[in-house]
Amino acid sequence: MKKVFLMAYARMNLGDDIFIKMLLDKYPYLDFYMKIKDHNFLKGLEQYNNLHIIIADDTDEELYKGEVEEYDAYVYIGGSIFIEGGKVYNLSPKFYDFVKRCKEKNILFCYMSSNYGPYQTQEYFELSKANFEVCTDICFRDKYSYNLFKEIENVRYAPDFGFGYDMEADEKIPNSIGISVINLEDRPELKEVSNHYEKFLIKNVEKYLNEGNKVYLYSFCKDEGDEILLDKIVAEFPGNPNLIEIKYDGDVDKFLNIYSKMEYMICARFHAMILSAIFRQNLLVMTYSQKTTNVIEDLELDVPIIDLKEVDENMILEKYDFKNVEEDKLQKIIEESKEQDRVFREKIL
């Protein structure tokens, strides 16, 4: 079997774990290798025979220790992987040299389902451009990023890889409202509104409970503090049986089995929006970054949006404020999302 080195944000974050799971499911005839710091970060995917976990620092410095010929292909999948000064595998002169060596050895190096920025310096932008010119393929998930580099032959665009997640949605739970929460305390540009956001959630949860709804709070990533906010909200309603907390523990299908049953969803996490679309839910999106807004505009989703920077703690969301994505439009998006891994699929075969 061919060996593929897979780079992804392995921190038990639902969105990125969905990416990894999709690749493992779609390519059972490939052996995927991942370097991660903690075995627990991928414990929900350990049952896959084609996933091989290497315990090491998941940094680009660790990557350079091996020879590029050690693997038949390299795949880097993830959303915000091109943030200048980001904490994941990053664009540095050494990383560019590694990608360049792959090209010289005729070894695949593919980027999937990412968006570009934010960035501050022209130096970073030019290094990114040089990187994209030598990689085998890069498929952005938003048109803003694509348009920045569209003159490069191997730069492409397709909707987010997650739109292709294959899972039948169960029947909806009557009068169910789900809320994907996001901790703003560790996000410098949003920290000042975190208290308003928390009060807004508490007020709306109280309203929905008083009206006889079942409210489900969803934490997508413990490592990024989602559970801290979730626990604060639950503490405001001690012992209420109609307030249910759902914390992602690495088991993608178990989490999504419950998530798919929601009638209504308030989506703060980026992939909450995508999941709610493919599960045919009535949704409302709370945007915390331009990447979410860009995708909504690109796909013409026509769903209600609230900017988290402008959240009003007294704002009440009624059920008529929510909206689902038109079926014809959704089917088109799902089909187009298959383009994300097309070049990798064709070349690895």
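The values are calculated or read from the model by the stated rules, or taken from the named source; none is laboratory data. This one's a predicted model, so the numbers in the text were calculated from it and none came from an experiment. Counting neighbours? That spans all protein chains shown, and the Cβs are built from the backbone with ideal geometry, glycine included.
Can you pull out the strands (runs of 3 or more DSSP E) entirely within the range 256-349 that have at least 3 residues that are touching a Pro at 6+ places or on another chain (Cβ under 9 Å)?
282-287
Filter the range 90-101 for residues that are closer than 15 Å to Val68 by Cβ and either among the β-branched types (Val, Ile, Thr) or at pLDDT below 90 (or both) and give the result.
Lys94, Val99
Taking the residues in the range 38-78 that are exposed (fewer than 14 other Cβ atoms within 10 Å of the Cβ), in contact with a Lys or Arg (Cβ under 9 Å, 6 or more places away or on another chain) and in a helix (DSSP H, G or I) as candidates, determine which candidate is modelled with the lowest pLDDT.
Glu61
Could you list, in sequence order, all residues of the range 162-211 that are in the same structural domain as Asp298 (by TED's automatic domain parsing), of a type in the set (Phe, Trp, Tyr) and touching a residue at least 40 places away in the same chain (Cβ under 8 Å)?
Selection gives Tyr197, Phe200.
So which residues in the range 170-219 are farther than 21 Å from Ile306 by Cα and either touching a Leu at 6+ places or on another chain (Cβ under 6 Å) or part of a helix (DSSP H, G or I) (or both), if there are any at all? Spell out the reasoning first.
To start, the set of residues in the range 170-219 that are farther than 21 Å from Ile306 by Cα comprises 170-175, 209-214.
Matches in the range 170-219: Leu209, Asn210.
Report yes if some residue within the range 244-262 is basic (Lys, Arg), in contact with a Leu (Cβ under 9 Å, 6 or more places away or on another chain) and more than 24 Å from Pro174 (Cβ to Cβ); otherwise report no.
Step one: filter the range 244-262 for residues basic (Lys, Arg), giving 247, 254, 261.
From what is left, the residues that are in contact with a Leu (Cβ under 9 Å, 6 or more places away or on another chain) are 247.
Filter once more, so that each one left must be more than 24 Å from Pro174 (Cβ to Cβ): none.
No.
Name the residue, out of Phe95, Phe32, that is aromatic (Phe, Trp, Tyr), in contact (Cβ under 8 Å) with a residue 24 or more places away in the chain and part of a strand (DSSP E or B).
Of Phe95, Phe32, the one residue that is aromatic (Phe, Trp, Tyr), in contact (Cβ under 8 Å) with a residue 24 or more places away in the chain and part of a strand (DSSP E or B) is Phe32.
Just give me the residues in the range 226-284 being without any contact (Cβ under 8 Å) to a residue 60 or more places away in the chain, acidic (Asp, Glu) and either exposed (fewer than 15 other Cβ atoms within 10 Å of the Cβ) or touching a helix residue (DSSP H, G or I) at 6+ places or on another chain (Cβ under 9 Å) (or both), in sequence order.
Asp231, Glu236, Glu245
Only one of these is surrounded by fewer than 21 Cβ atoms within 10 Å (Cβ to Cβ) and among the aromatic types (Phe, Trp, Tyr): Tyr124, Tyr111, Tyr216. Name it.
Values: Tyr111 fails: surrounded by fewer than 21 Cβ atoms within 10 Å (Cβ to Cβ); Tyr216 fails: surrounded by fewer than 21 Cβ atoms within 10 Å (Cβ to Cβ).
One residue alone meets the criteria, Tyr124.
I'd like to verify a number: residues in the range 270-305 that are within 16 Å of Ile334 (Cα to Cα), under 17 Å from the mean Cα position of the chain (by Cα) and polar (S, T, N, Q), how many?
Residues flagged as within 16 Å of Ile334 (Cα to Cα), under 17 Å from the mean Cα position of the chain (by Cα) and polar (S, T, N, Q) within the range 270-305 amount to 1.
Please enumerate the residues belonging to the range 220-240 that are assigned to a helix (DSSP H, G or I), more than 18 Å from Arg11 (Cα to Cα) and acidic (Asp, Glu).
Matches in the range 220-240: Asp231 only.
Please determine, by comparing only the residues of the range 99-123 that are assigned to a loop (DSSP other than H, G, I, E, B) and within 21 Å of the chain's Cα centre (by Cα), which one is nearest to Phe5 (Cα to Cα).
Looking at the filtered set, the residue picked out is Asn115.
When the residues of the range 127-144 are filtered to those that are in contact (Cβ under 8 Å) with a residue 60 or more places away in the chain and either hydroxyl-bearing (Ser, Thr, Tyr) or touching a Leu at 6+ places or on another chain (Cβ under 7 Å) (or both), which remaining residue is surrounded by the most Cβ atoms within 10 Å (Cβ to Cβ)?
In this case the residue turns out to be Thr136.
If I ask for residues that are at positive phi and either among the polar types (S, T, N, Q) or over 28 Å from the mean Cα position of the chain (by Cα) (or both), which ones from the range 207-253 would you list?
Correct list: Gly212, Gly239.
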